[in-house]
Amino acid sequence: APLPSPRPIQALPDQLISQIAAGEVVERPSAVVKELLENALDAGATQITVRLEEGGVKRIAITDNGRGIAADQLPLALARHATSKIASLTDLENVATLGFRGEALASIAAVAAVSLTSRTADAPHAWEIVGSHHAAVAPSSGPQGTTIEVQDLYFNTPARRKFLKSEQTEYGHCAEVVRRIALARPDVSFSLSHNGRTIDQWSVCEMAKRSAHILGSDFAEARLAIDESAGPLRLHGFAGLPTASKARADGQFFYVNGRYVRDKLLVHAVRAAYQDVLHGDRFPSYVLGLDLDPALVDVNVHPSKIEVRFRDSRAVHQFVFHAVQRALSQTSATAHGSVPA
Ligand code: ADP
Ligand code: MG
C-alpha cells in the first residue's frame with residue numbers, strides 16, 4: 001500500500017498536548033482522585049472531603065483545609081508544567097512532596113470541566129477559576145483551603161470515554177484510592193461520599209486504629225508491629241500473621257516516603273520474608289512504610305509515580321526482608337505460646 005503523503009512537522013496546540021498527557025496521567029476517575037488527594041496532602045491539609053457522583057465520571061469534588069492557592073496563582077495551578085514543588089534538578093532529585101510534575105491539573109482540565117476555588121490564610125475571601133488557565137479569576141466564598149470540582153470526565157474525548165467501565169467499577173477504583181491514601185495518613189481525616197451518600201468517614205487517629213478501620217478486624221487481630229531502622233532506612237507498620245493471609249494479593253499496602261507504590265522489589269522482599277511461615281498459594285497482608293532520604297529513591301519513573309527506583313536496590317531488599325523476617329520469627333514464637341494448639 002502507498003504510504004500516506006507526509007505532513008509537515010508542526011508544533012501541537014497546547015490543548016492537544018494536554019489531552020495526550022492526560023492519557024497517561026488521568027487514565028480513569030480514580031487517577032483524578034489520586035492526583036487531587038495528593039495535592040491536598042502536599043498543601044498540608046488535615047481534613048479532606050471526597051464527593052463522587054456516578055463513579056466519579058459525572059463529578060469528583062475534593063475539599064481540603066490546606067494552605068490554599070493565592071488568587072494570582074490560580075491560573076498557574078491549571079497551566080502545564082507549572083508547579084510550586086520543585087524549581088531545579090536538585091529539587092527533583094530530593095523531592096519530598098507527592099507531586100512535582102506540574103501537569104495533573106492541566107491534564108485534568110484538558111479532558112473535563114474543572115473549577116478551582118481556593119482561599120489562603122491571609123486572603124479576605126476565596127477566589128475561583130473555571131475551565132482553564134486562560135480564564136479570569138473571580139471572587140468567591142468559602143473557608144481557607146481548596147475545593148476542586150471535576151465534571152464530565154472525557155466529555156470532549158469520546159474515544160477515551162468509551163473505555164470507562166460501569167459506574168460501580170469506576171466507583172470501586174476511586175474508593176480503593178481513597179482507602180490507600182487514608183491508610184498512610186491517620187493524621188488526616190477523610191470522608192468519602194458517592195451519589196450523596198456518605199460511604200466512609202475516618203477521623204484523625206493512630207496508625208493502629210486507622211489500619212484496623214480500613215482493613216477490618218481480621219487484620220487488626222493478627223498482625224505484628226514493625227519499626228526498624230538501619231542507617232538511612234526505616235521500615236514501619238504492620239505485617240499480618242499467616243492467619244491474616246489471603247487467597248488474593250489485595251491486602252498488601254506498601255508506601256515509600258508516604259507514597260503508595262507497587263514495586264516488584266519490595267513485594268518480593270516481603271514475600272521472601274514470609275517464605276517459612278506461609279504456604280506458597282497464600283498472600284500475606286501488610287501495611288508497611290519505608291522511609292528514606294528522598295535522594296536515595298527516584299520517583300520520576302512513571303507518570304503515575306506508582307513505581308520507584310532505588311539507588312541501592314540490593315540494600316533496600318535486604319533491609320526490608322530482614323526487618324519483616326525478624327518480626328515474623330520473634331512473634332511466631334510468642335503467637336505459638338499464646339494461641340492454644
Ligand atoms: P504538582 O502537584 O505536580 O505540582 P498539579 O498540577 O497537581 O502539579 O498542581 C499544580 C500546582 O497547583 C501545585 O504545585 C500547587 O502549588 C497547586 N495546588 C494544586 N492543588 C492544590 C491544593 N489542593 N491546595 C493547594 N495548592 C494546590
Ligand atoms: Mg499534583
Can you tell me which residue is nearest to V25 (Cα to Cα) among those in the range 88-114 that are away from ligand 1 (no atom under 13 Å from the Cβ) and touching a residue at least 12 places away in the same chain (Cβ under 8 Å)?
V111
Do we have L235 as surrounded by 20 or more Cβ atoms within 10 Å (Cβ to Cβ) and not charged (D, E, K, R) here?
yes
Scan the range 1-53 for residues that are surrounded by 20 or more Cβ atoms within 10 Å (Cβ to Cβ), in a helix (DSSP H, G or I) and β-branched (V, I, T) and report the count.
3
For the range 7-53: of the residues being hydroxyl-bearing (S, T, Y) and at pLDDT 90 or above, which is nearest to A121 (Cα to Cα)?
T46
Taking the stated definitions as given, is A31 over 20 Å from H194 (Cα atoms) and either of a type in the set (K, R) or within 21 Å of the chain's Cα centre (by Cα) (or both)?
no
Against the condition of a type outside the set (S, T, N, Q), touching a Phe, Trp or Tyr at 6+ places or on another chain (Cβ under 8 Å) and farther than 23 Å from V188 by Cα, how does K264 come out, does it pass?
no
What are the residue pairs meeting all of these: first residue in the range 226-248, first residue free of Cβ contacts under 8 Å to residues at least 40 places away in the same chain and within 19 Å of Q275 (Cβ to Cβ), second residue part of a strand (DSSP E or B) and of a type outside the set (V, I, T), Cβ atoms under 6 Å, and 6 or more apart or on different chains?
K246/F283
Condition first: within 23 Å of A182 (Cα to Cα), touching a Ser or Thr at 6+ places or on another chain (Cβ under 9 Å) and away from ligand 1 (no atom under 11 Å from the Cβ). Now tell me which residues in the range 58-87 satisfy that.
A61
The number of residues in the range 43-57 that are touching a Phe, Trp or Tyr at 6+ places or on another chain (Cβ under 9 Å) and near ligand 1 (Cβ under 8 Å from one of its atoms) is 0
If we ask which residues in the range 77-117 are surrounded by 17 or more Cβ atoms within 10 Å (Cβ to Cβ) and either among the β-branched types (V, I, T) or within 14 Å of ligand 2 (Cβ to nearest atom) (or both), their number turns out to be 24
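The values are calculated or read from the model by the stated rules, or taken from the named source; none is laboratory data. In this text the structure is predicted, and so the values were computed from the model without any measurement. For neighbour counting, all protein chains shown are included, and Cβ atoms are generated from backbone atoms with ideal geometry for every residue, glycine included.
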